[in-house]
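For reference, the structure discussed in these notes is given below.
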Amino acid sequence: MQTVLTTSPTEAAEFIKSGGIVAFPTETVYGLGASVFDETAVAKVFESKRRPADNPLIAHIAVPAQIAELADEVNEHARKFIEAFFPGPLTIVLPKSDRVPLIATAGLDSIGIRMPRFGLAHQFLNECDTPVVAPSANLSGRPSPTTWEAVYEDLNGRIDCILRGDGTEIGIESTVVDCTSDVPIVLRSGSVSIDQLRNVVPTTAAYRSDKLNVVRSPGLRHQHYSPRARVVLRESGVGLSGGPGTAYIGLRAPARTSEHELICSNVDEYARSVFEFFRECDRKGIKTILCEKVDEIGIGVALMDRLRRAAAAD
Ligand code: TXA
Ligand code: MG
């Protein structure tokens with residue numbers, strides 16, 4: 001399959017309308033889209049990125065009115081979150097409407113819904129004229145793509161089109177909050193923090209992976225975000241020395257130089273850069289990546305979550 005590169009949201013949307021699959025930028029990471037109501041196209045999304053069939057997809061919308069195509073009812077919590085955070089890096093999970101094919105939700109009776117705020121994503125989704133399911137546009141298990149080149153590296157020849165945009169501004173996937181029960185539960189951390197959610201719905205709870213909860217977010221079971229190199233987390237200022245074959249990313253310069261280094265000026269920049277840094281390390285054949293730990297406040301919570309998953313993948 002030849003993958004068309006374009007900067008035109010109109011051209012990219014034509015592929016969706018004719019049953020194709022298209023990678024497009026959002027404010028979080030690049031997504032790999034298909035029309036939610038086209039089961040064949042949705043199947044292609046799973047196939048092209050080798051995604052396990054039990055991991056549900058998020059439906060992306062251009063305007064809040066499209067929620068009615070995906071969910072029959074929007075409860076009070078969800079309504080409040082939508083008002084406060086749409087468009088933006090928040091995914092809400094609601095009971096799905098019968099119209100949504102089960103392949104999109106991996107057999108679940110709920111669906112994740114998100115309205116990106118990134119301009120090019122909005123134009124593209126608007127032109128598609130249908131909600132678009134989109135997982136991150138990487139091969140399963142690889143770091144999420146924050147540049148179109150990273151999408152190309154993983155999926156060239158496997159998808160119909162890449163809508164080329166700039167690097168993504170947040171760099172870490174959306175916060176996912178389950179609104180299907182009385183108490184909203186954060187299933188995945190992102191740049192919308194649990195404190196921000198609690199300001200809107202005070203009962204919002206953090207996900208606990210006990211046995212009862214285990215099926216709530218199938219994605220949490222799968223291996224994620226891992227470069228080929230081994231990822232090692234280090235306390236700030238402790239044992240941050242590198243040497244040959246190692247790379248380092250963090251906020252403070254390490255005592256000993258590594259082969260490849262990125263010193264970020266703040267946690268936002270660290271979060272925005274980390275997935276691309278992992279990919280650069282793989283391109284350079286780095287064996288070990290040292291990552292400085294950060295305080296778990298604000299986006300630091302999501303960054304530490306992704307770093308721990310990458311470190312656990314060895
Ligand atoms: O920022 C993002 O969310 C990006 C961009 C492209 O929007 N998308 C993304 O999709 O990260 P993906 O497929 O890589 O991650 C979706 C996560 C998975 O952990 C999945 O299990 C969870 O959301 N999820 C999706 N639908 C769900 C549902 N109905 N119930 C529980 N979890 C769900
Ligand atoms: Mg993903």
Between a first residue in the stretch 164-176 that is assigned to a loop (DSSP other than H, G, I, E, B) and a second residue that is open to solvent by 20 Å² or more (accessible area, probe 1.4 Å) and β-branched (Val, Ile, Thr), which pairs have beta carbons less than 6 Å apart while being 6 or more apart in sequence or on different chains? ARG164/THR7; GLY167/THR147
For the structure I just gave you, tell me whether VAL192 is more than 16 Å from ligand 2 (Cβ to nearest atom), closer than 19 Å to ASP305 by Cα, part of a loop (DSSP other than H, G, I, E, B) and at pLDDT 95 or above. yes
Among the residues of the stretch 81-93, are any among the charged types (D, E, K, R), farther than 27 Å from ARG158 by Cβ and open to solvent by 40 Å² or more (accessible area, probe 1.4 Å)? yes
Subset of the stretch 11-39 [in contact with an Asp or Glu (Cβ under 6 Å, 6 or more places away or on another chain), within 11 Å of PRO116 (Cα to Cα) and not hydroxyl-bearing (Ser, Thr, Tyr)]: GLU27, VAL29
Would you mind finding the one in VAL294, VAL232 that is more than 30 Å from VAL93 (Cβ to Cβ), modelled with pLDDT of 90 or more and open to solvent by less than 70 Å² (accessible area, probe 1.4 Å)? VAL232
Picking from GLU169, GLU153, which residue would you name as being among the charged types (D, E, K, R), over 19 Å from LEU70 (Cβ atoms) and within 13 Å of ligand 1 (Cβ to nearest atom)? GLU169
With the requirement that a residue be polar (S, T, N, Q) and either closer than 16 Å to ALA12 by Cα or over 16 Å from the mean Cα position of the chain (by Cα) (or both), what does the stretch 152-177 give you? ASN156
Residues of the stretch 256-284 being small (Gly, Ala, Ser), free of Cβ contacts under 8 Å to residues at least 40 places away in the same chain and open to solvent by 20 Å² or more (accessible area, probe 1.4 Å), which ones? SER265
Evaluation of ARG164 against (1) surrounded by fewer than 24 Cβ atoms within 10 Å (Cβ to Cβ); (2) within 13 Å of ligand 1 (Cβ to nearest atom) (one fails), failing number: (2)
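Yes/no per residue for (1) in a strand (DSSP E or B); (2) of a type in the set (Val, Ile, Thr); (3) more than 24 Å from ALA206 (Cα to Cα):
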site	(1), (2), (3)
ARG252	no, no, yes
LEU262	yes, no, yes
ASP268	no, no, no
PHE275	no, no, yes
CYS281	no, no, yes
ILE297	no, yes, no
LEU303	no, no, no
ALA310	no, no, no
Residue count for the stretch 105-123, restricted to those that are over 23 Å from GLU47 (Cα atoms), in contact (Cβ under 8 Å) with a residue 24 or more places away in the chain and more than 9 Å from ligand 1 (Cβ to nearest atom): 6
Condition first: open to solvent by less than 10 Å² (accessible area, probe 1.4 Å), out of contact with any helix residue (DSSP H, G or I) (no Cβ under 9 Å at 6 or more places or on another chain) and in the same structural domain as SER193 (by TED's automatic domain parsing). Can you find one or more residues in the stretch 66-78 that meet it? yes
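Identify, please: which residue in the stretch 14-30 is part of a loop (DSSP other than H, G, I, E, B) and touching a residue at least 60 places away in the same chain (Cβ under 8 Å) and is, among those, farthest from ligand 1 (Cβ to nearest atom)? Step through it out loud before you land on a result.
Step one: list which residues in the stretch 14-30 are part of a loop (DSSP other than H, G, I, E, B), which gives 18-21, 25-30.
Now drop any that are not touching a residue at least 60 places away in the same chain (Cβ under 8 Å), which leaves 20-21, 25-30.
Working: GLY20: 17, ILE21: 13, PRO25: 9, THR26: 5, GLU27: 8, THR28: 3, VAL29: 5, TYR30: 7 Å.
Within the stretch 14-30, the match that is farthest from ligand 1 (Cβ to nearest atom) is GLY20.
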Over the stretch 140-155, the set of residues assigned to a loop (DSSP other than H, G, I, E, B), over 15 Å from ARG283 (Cβ atoms) and open to solvent by 10 Å² or more (accessible area, probe 1.4 Å) is SER140, GLY141
Report whether or not PHE24 is closer than 15 Å to THR3 by Cβ, at pLDDT 95 or above, in the same structural domain as GLY88 (by TED's automatic domain parsing) and touching a Gly at 6+ places or on another chain (Cβ under 7 Å). yes
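The values are calculated or read from the model by the stated rules, or taken from the named source; none is laboratory data. Small disclaimer: the values here were computed from a predicted structure and weren't measured. When we count neighbours, we look across all protein chains shown, and the Cβ atoms used for this are built from the backbone with ideal geometry, even at glycine. Each accessible area value is taken on the protein alone, full model and side chains, heavy atoms only, with ligands, DNA and RNA left out. Shrake-Rupley method; radii C 1.70, N 1.55, O 1.52, S 1.80 Å.
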